[in-house]
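K.L.:
Here's a structure for you.
What follows draws every value from the coordinates through simple rules; no lab data is involved. Remember, predicted model here, so these are calculated numbers, not experimental data. In this analysis, Cβ positions are derived from the backbone assuming ideal geometry, glycine residues included, and neighbour counts consider all displayed protein chains.
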Amino acid sequence: MKKLFVWLLITTFVVSMAFMGIGCKKATETTTAETTTTAEAATTAAATETTAPATEKATGEPKTIVYWSLWNEQEPAAIVINKWIEEYKKVKPEITIKVVYVGREVMTKVMAARSGGEIVDLVDTENFSLKGSLVKEGLSLVMDKALDAPSYKGNSSWRDSFLAGTLKQYAADDGKVSIIPYDLITNGFIYNKKLWRDKGWTVPKTWDEFIALCETIKTTSDIASITQDAGVDFYNDMWNYQIMEKLVGPGRILAAAKDKTGNSWEDPAFKKAIEMERELFDKGYFVKGCDGFTWPAGQLLLASGEAAMELCGSWLPNELKSQVSNDFEWGTFPFPEIAGGVGKINDMESYLIGWAAFNDTKVGPEIVDFLKFCTTIENQNIFVDESWNMSTILGTKIPPAIQGLGEALLDSKALFSPHDGIPEELPDYHKNIYLKNHNLAFLGKITPDGYIKKMKEETIAYWKSK
Amino acid sequence: MNKRRKYIAWIFLAPSLILYLYFFVYPTIEAIRISFYKWSGFTVNMEFIGFKNFSKLISDDSFLAALKNTLLLLVIGGIGIFLLAFIFALLLGSGIKGKKLYRAVIFFPYIIAPVVHSIYWGLLVYNPRTGILNQLFNLLNIEILAKISFTDISHIFGSVLFVVIWVNVGFYLILLMAGIERIPPYLYEAARIEGATELQMFFKITLPLLREVLVIAIIFWGINAIKMFDLLYAFGGILPPRSLWTNAIYLYIVGFGKRDPIFQLGYASAIGVVTLLLVVIIAFIIRKLIRREIYEY
């Protein structure tokens, strides 16, 4: 009897599991089937819908867009998104936007939520993350037709509203655009203008001028020339891809990563870049002890005036604004040109944050309309004012705190991706080979020659394992 | 009557058993199944690749480095924790005044959130410029130590290991003390009359009679050490440095992509399966090493 009871329990469990399995299978089958139809429908509808006058009030049924965001509720960008939603509700009262501020690991949570059958229509995060997940997996709603239709104001095509290159930068391999970028982050040096003015230091335009400036700061003041959160490998890599870009132009690191023979790593530019980074350490320009900083110890030295500058993303002023004194004047300048290199001073990094919709969404046209609304110059200017970041929309303001970088960016003829585009193309390579070895070389744990050797060997092994 | 009572017991056990099977056993079986697939987690398409995820682990330097850190954490951390816990337990059990206060003070770090530890130790203690530690060594003119950057890539693991020991020692102290307090005092009195030293009493009375508690405590530490994540992860600030990666952190990075959109859930599941095996093996070894002997007192 006892055995019978135990078997009964086990059978109940197995049967319930089996039912769940069937349920899941059926659900996924249905979802897949719906995906194909709704994706087409959504795209077609999106193209049709967006041709309607922007100010016309929708008369359709009430619809809900479930939107998961990478921002945290208290962040300026989230506050702006709330404002947009509030304003949009006035124009399209039948559309409800349920926004969830998930934080930086939004894609992980979206993955889990959708696996559990939860509906998420729209997501925003870093474009390289969207491309490496939704776009790569063929799950994103293609926006090309919507982009060719008029913008929200209707005075030009939506596509023409964007800064040149920002839409194509994260397009799929077949050129189709799914990601609508809105937050334009760049990279360069951040400093305190007042301090520099008082000391008589001027913004360098070439690497030689930069080295001379570092030497002046080191010898004539009691503050460090450069601060660095060297405990963060991808912060350290900013030096490498910026130097490489100025030496040989964008795409060379990515090309070497893709070279199955590993021979591309023998390009002298890779070794030179490491030597240039090490020169900064060897000459004592980096703040002492930075190799042991746990973030944000390094950037706090810029805020406290103990370091003259930091190479970082343009998010830094916003991140540090509550830490600096009242007389701190934000200044920024792009990475200097290197003699003999091909990169120009206004070849700028374009680090984008954008939206992508799932192609199984049932509210494709509504999403497109909402995104068009968000990307008007007026709405993007609110974003610029609050977040101190730039917008991808032409005609928007440059935040005063990053004026120097913003001007260079708008003047740029060549935008390049952070980390030379490796994260979205080869994320595991980026993490486990490129960042690992660059970090060791940057911190002087391996020689420049050792770095080249390791990169070559590990690249060959990586492709062999594939 | 007895049989009937047994059935009633099973009926009462059934809900929790079903929940246990559903929430613990089923996901484990699922994880094992997924470890044989190539899967990003975003789509329903899973590609069966057999043991490829497991064979990849053998040649994955990052995994091997993470495994090494996990084992170091387990062994060195375990030695540190139990050594200190024993010392404190004996000191506190020696009739010292304010025993409860000391015990509370030693236990206190255990109740603090890992993020707070990471900020306190990372920014205030270990910071090479302004940290208390380097300043102390400077003050004491111990130049060789003052020069060390305790959170650079060569030293950060050791520094965090120290924090792990400091945080956990209180918990294991409580466990051991509870065991020690159960040992009848007359055994020590008899030993003292026979002329036994404190060390002899520790090895001949305390340790053997503490065996059961010790086995549980060590297994508990083993499980905790192997799946340790929060403190190490928080210590890295934006991103845990590679030197701090353990199996659990590497699994998270590979499966869910920390900044980098890696999303290799199948491979991450293989790491999880290996970690599970590690726990089972370690629990087995500990039980074998510390053989069960029944002492009645």
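K.L.:
Taking every DSSP beta bridge that has both residues in chain A, what percent is antiparallel when rounded to the nearest 5?
P.N.:
Antiparallel: roughly 60 percent of the beta bridges in chain A.
K.L.:
Okay, moving on. With +1 assigned to the C-beta of every Lys and Arg and -1 to the C-beta of every Asp and Glu, and no other charges, what is the dipole magnitude of segment B:61-289 about the Cα centre in debye, to the nearest 20?
P.N.:
Result for segment B:61-289 is approximately 200 debye, rounded to the nearest 20.
K.L.:
In square nanometres and to one decimal, what's the mean projected area of the convex hull around the Cα atoms of segment A:399-443?
P.N.:
Average projection, Cα convex hull of segment A:399-443: 4.8 nm².
K.L.:
Sticking with this one: Taking amide H positions as placed 1.01 Å from N in the peptide plane, with prolines and chain starts having none, which residues 5 or more places from residue A:95, or on another chain, fall under 5 Å of its amide H?
P.N.:
Answer set, sorted by chain and number: A:63.
K.L.:
Report, ordered by chain and residue number, the aspartates and glutamates lying within cross-link reach of residue B:100, taken as a straight Cα distance under 19 Å and ignoring same-chain residues fewer than 8 apart.
P.N.:
B:181
K.L.:
Name the most mobile residue of B:13, B:91, B:74, meaning the one with the largest mean-square fluctuation, in a Gaussian network model of chain B with Cα contacts below 10 Å.
P.N.:
Evaluated over chain B, the most mobile residue of the options is B:13.
K.L.:
Sum up the charges of everything whose Cβ sits under 9 Å from the Cβ of residue A:96, counting Lys and Arg as +1 and Asp and Glu as -1, but leave residue A:96 out.
P.N.:
Here the charged neighbours net out to +2.
K.L.:
Around residue A:430, with a cut-off of 11 angstrom between Cβ atoms, what is the net charge of the other residues, counting Lys and Arg +1 and Asp and Glu -1?
P.N.:
Net charge in that neighbourhood comes out at -4.
K.L.:
Work out the FRET efficiency for residue B:4 and residue B:46 from their Cβ-Cβ distance, taking R0 = 45 Å, and round it to the nearest 0.05.
P.N.:
0.40
K.L.:
Mind checking segment A:74-164 for chymotrypsin sites (Phe, Trp or Tyr not before Pro) that DSSP puts in a loop (not H, G, I, E or B) and that have at most 10 other Cβ atoms within 10 Å?
P.N.:
Loop-located and lightly packed - none at all.
K.L.:
Please compute the Kirkwood hydrodynamic radius of segment B:61-289 from all pairs of different C-alpha atoms, in Å with one decimal.
P.N.:
19.7
K.L.:
Right, next: Listing B:155, B:117, A:419 from the residue with the fewest other Cβ atoms within 10 Å to the one with the most, what is the order?
P.N.:
Going from sparsest to densest Cβ surroundings: B:155, B:117, A:419.
K.L.:
Are there any trypsin sites (Lys or Arg not before Pro) in segment B:151-233 that are in a DSSP loop and have at most 13 other Cβ atoms within 10 Å? List them by number.
P.N.:
B:182
K.L.:
Provide Rg and Dmax in Å for the protein assembly as shown, with only Cα atoms included in the calculation.
P.N.:
My reading of the Cα-based Rg and Dmax gives 29.9, 101 Å.
K.L.:
Could you give the size of the charge dipole of the protein assembly as shown about its Cα centre, using +1 on the Cβ of each K and R and -1 on the Cβ of each D and E, expressed in debye and rounded to the nearest 20?
P.N.:
Dipole of the protein assembly as shown, to the nearest 20 debye: 3400 debye.
K.L.:
For the charge dipole of segment B:100-193, defined by +1 on Lys and Arg C-beta atoms and -1 on Asp and Glu C-beta atoms about the Cα centroid, which residue among B:155, B:167, B:130 has the Cα displaced farthest towards the positive pole?
P.N.:
It is B:167, whose Cα lies furthest towards the positive end.
K.L.:
Now, a different point. Please arrange A:61, A:75, A:215 by how many other C-beta atoms lie within 10 Å of their C-beta, fewest to most.
P.N.:
Sorted ascending by nearby Cβ count, the order is A:61, A:215, A:75.
K.L.:
While we're on this one: Within 10 Å of each candidate Cβ there may be at most 15 other Cβ atoms; applying that plus a DSSP loop requirement, which GluC sites (Glu not before Pro) in segment B:188-237 survive?
P.N.:
B:194
K.L.:
Let me ask something else about it. Please order A:69, A:133 by the number of other Cβ within 10 Å, starting at the fewest.
P.N.:
Least to most surrounded, the residues fall as A:69, A:133.
K.L.:
Just grab the label-to-label distance for residue B:18 and residue A:86, each label 7 Å out from Cα along the Cβ direction, in nm (one decimal).
P.N.:
4.8
K.L.:
Report ³J(HN,Hα) in whole Hz for each residue of segment A:69-80, in order, from the Karplus equation J = 6.51 cos²θ - 1.76 cosθ + 1.60 where θ = phi - 60°; Gly and Pro get x.
P.N.:
10, 7, 7, 8, 3, 7, 6, x, 4, 5, 4, 5
K.L.:
Provide the net charge surrounding residue B:128, with neighbours chosen by a C-beta distance below 15 Å and charges set as Lys +1, Arg +1, Asp -1, Glu -1.
P.N.:
Net local charge, residue B:128 excluded: -2.
K.L.:
Let me ask something additional. If I fit a long axis through the Cα atoms of helix A:233-248 and take the longest principal axis of the Cα atoms of chain A, what angle between them do I get, 0 to 90°, rounded to 10?
P.N.:
With rounding to tens, the tilt is 70 degrees.
K.L.:
Please average, across the residues of A:415-428, the number of beta carbons from any other chain that are within 10 Å of each residue's own beta carbon, and give a whole number.
P.N.:
What the average comes to for A:415-428 is 2.
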